[in-house]
């Protein structure tokens, strides 16, 4: 619904008019660029001459793609010309690579002082590990977040690559770019955004540090309130091998959990009595194991027990709840998550997958014939 009932929502997106050049990379950089493109930014992606991205490349949606060899001076100059007309650059090389190519911040900000130069790395632009290789699991491990995930009697469990690559990485970079654009609207000047996955993942642990300071997070992994240690905040197996999630923290929600399970709260250990947690877990596990996920979903449907089914990624996209929220879009036969968040007056436009850039589109950036020819547009 529009904020003003007299206004008709225009599906152009909040970032219509923002121009972004993205240097192709893996996971976090493309995710940040995807978010910007989802909400209306015009994104040109500079891919390698022999790209290795999957097809369909959902992280590459909404982009026009140009293929260039950044080691070729003519290609590099053409890319520089594109960036001169951009609001944002996104790159994910190791520190020092862009400088050696002549495309570092000093080079590009000198000719385009309004440029927001977004840098995506694992360890950041400085520090002992800055030039060391790593992956999501390493960044999340060093942030302290991984050490809090998993059961007490087993090694930590990697949260796929969601926490480092996409949350602590891509989302942090997108936020940094937008914050820099807001500041530029006041100062008229661009700047470098140093987004590191380890920093983002560590930022996500802020609440855990608050709980630790209050004495509420002192036990080992899998033994605390929010890490599966509490029997009323964890997942349970159902009779069909599926699972239900339980988040009944508040007393009134906990009472509805117990009632839904057909148990007598007066016959159970007190909710906050940690010495009784092992017994509560055993009782709850036995109760959930007696029925299927579908049966428990129906039992707790529209209650405040905070009990919901655990879906696979595919199920999460096609569930009745997802349909009710219009949470998925199908583009060229491929279903994928819809843009988020949602805006009342300037909603995101229809999604499209990546495509090769058209000459007319590149020409609209004001490129010379020579720059277009270097990028392969010489007709």
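The values are calculated or read from the model by the stated rules, or taken from the named source; none is laboratory data. Here the structure is a predicted model, which is why all the values come from computation and not from measurement. When we count neighbours, we look across all protein chains shown, and the Cβ atoms used for this are built from the backbone with ideal geometry, even at glycine.
I want to confirm something. Restricting to region 283-302 and keeping residues that are touching a helix residue (DSSP H, G or I) at 6+ places or on another chain (Cβ under 7 Å) and in a helix (DSSP H, G or I), which single residue is surrounded by the most Cβ atoms within 10 Å (Cβ to Cβ)? Reasoning before the result, please.
Filtering region 283-302 for residues touching a helix residue (DSSP H, G or I) at 6+ places or on another chain (Cβ under 7 Å) gives 288, 296, 299-300.
With in a helix (DSSP H, G or I) added as a condition, the list becomes 288, 296, 299.
Numbers: 288: 22, 296: 24, 299: 16.
Residue satisfying both the conditions and the ranking: 296.
So in region 335-351, with the set limited to residues that are in contact (Cβ under 8 Å) with a residue 24 or more places away in the chain and surrounded by 14 or more Cβ atoms within 10 Å (Cβ to Cβ), which one is farthest from the chain's Cα centre (by Cα)?
346
What are the residue pairs meeting all of these: first residue in region 96-116, first residue outside the structural domain of residue 84 (by TED's automatic domain parsing), second residue surrounded by 15 or more Cβ atoms within 10 Å (Cβ to Cβ) and in a loop (DSSP other than H, G, I, E, B), Cβ atoms under 9 Å, and 6 or more apart or on different chains?
From region 96-116, no pairs qualify.
Just to be sure, is residue 305 in contact (Cβ under 8 Å) with a residue 24 or more places away in the chain and closer than 30 Å to residue 230 by Cβ?
yes
Condition test on residue 367, is it assigned to a loop (DSSP other than H, G, I, E, B), touching a strand residue (DSSP E or B) at 6+ places or on another chain (Cβ under 7 Å) and in the same structural domain as residue 34 (by TED's automatic domain parsing)?
For residue 367, the condition - assigned to a loop (DSSP other than H, G, I, E, B), touching a strand residue (DSSP E or B) at 6+ places or on another chain (Cβ under 7 Å) and in the same structural domain as residue 34 (by TED's automatic domain parsing) - is not met.
If we only count helices (runs of 4 or more DSSP H) wholly inside region 1-115, which ones have 3 or more residues that are touching a helix residue (DSSP H, G or I) at 6+ places or on another chain (Cβ under 8 Å) and either over 18 Å from residue 361 (Cβ atoms) or at pLDDT 95 or above (or both)? Explain how you work it out, then say what you get.
Working: elements: 28-38, 73-84, 97-100, 105-111.
Because the criterion is at least 3 residues that are touching a helix residue (DSSP H, G or I) at 6+ places or on another chain (Cβ under 8 Å) and either over 18 Å from residue 361 (Cβ atoms) or at pLDDT 95 or above (or both), the helices (runs of 4 or more DSSP H) in region 1-115 that meet it are 28-38, 73-84, 105-111.
Is at least one residue of region 187-196 more than 26 Å from the chain's Cα centre (by Cα), surrounded by fewer than 16 Cβ atoms within 10 Å (Cβ to Cβ), assigned to a helix (DSSP H, G or I) and not assigned by TED's automatic domain parsing to the domain that holds residue 305?
Yes.
Mind listing just one residue for me: the one in region 225-252 that is in contact with a strand residue (DSSP E or B) (Cβ under 9 Å, 6 or more places away or on another chain) and free of Cβ contacts under 8 Å to residues at least 40 places away in the same chain and, of those, surrounded by the most Cβ atoms within 10 Å (Cβ to Cβ)?
233
Of the conditions (1) in a helix (DSSP H, G or I); (2) out of contact with any strand residue (DSSP E or B) (no Cβ under 9 Å at 6 or more places or on another chain), residue 152 satisfies every one except a single condition; which number is it?
If we test residue 152 against (1) in a helix (DSSP H, G or I); (2) out of contact with any strand residue (DSSP E or B) (no Cβ under 9 Å at 6 or more places or on another chain), just (1) comes out false.
Can you tell me which of (1) within 28 Å of residue 38 (Cβ to Cβ); (2) free of Cβ contacts under 8 Å to residues at least 24 places away in the same chain; (3) more than 17 Å from the chain's Cα centre (by Cα) is the one residue 159 doesn't meet?
Here residue 159 meets the rest and fails (3).
Please indicate, with yes or no, whether at least one residue in region 355-365 is within 21 Å of the chain's Cα centre (by Cα) and surrounded by 13 or more Cβ atoms within 10 Å (Cβ to Cβ).
no
Do we find that residue 180 is surrounded by 15 or more Cβ atoms within 10 Å (Cβ to Cβ), part of a loop (DSSP other than H, G, I, E, B) and under 21 Å from the mean Cα position of the chain (by Cα) in this structure?
no
Would you point out which residue out of 317, 280 is under 26 Å from residue 43 (Cβ atoms) and assigned to a helix (DSSP H, G or I)?
So the residue among 317, 280 that is under 26 Å from residue 43 (Cβ atoms) and assigned to a helix (DSSP H, G or I) is 317.
Can you pull out every residue in region 253-272 that is closer than 12 Å to residue 232 by Cα and either outside the structural domain of residue 238 (by TED's automatic domain parsing) or surrounded by fewer than 15 Cβ atoms within 10 Å (Cβ to Cβ) (or both)?
Matches in region 253-272: 270, 272.
Return the residue satisfying two criteria in turn: it lies in region 197-223 and is in a loop (DSSP other than H, G, I, E, B) and out of contact with any helix residue (DSSP H, G or I) (no Cβ under 8 Å at 6 or more places or on another chain), and of such residues it is surrounded by the fewest Cβ atoms within 10 Å (Cβ to Cβ).
Ranking the qualifying residues of region 197-223, first place goes to 215.
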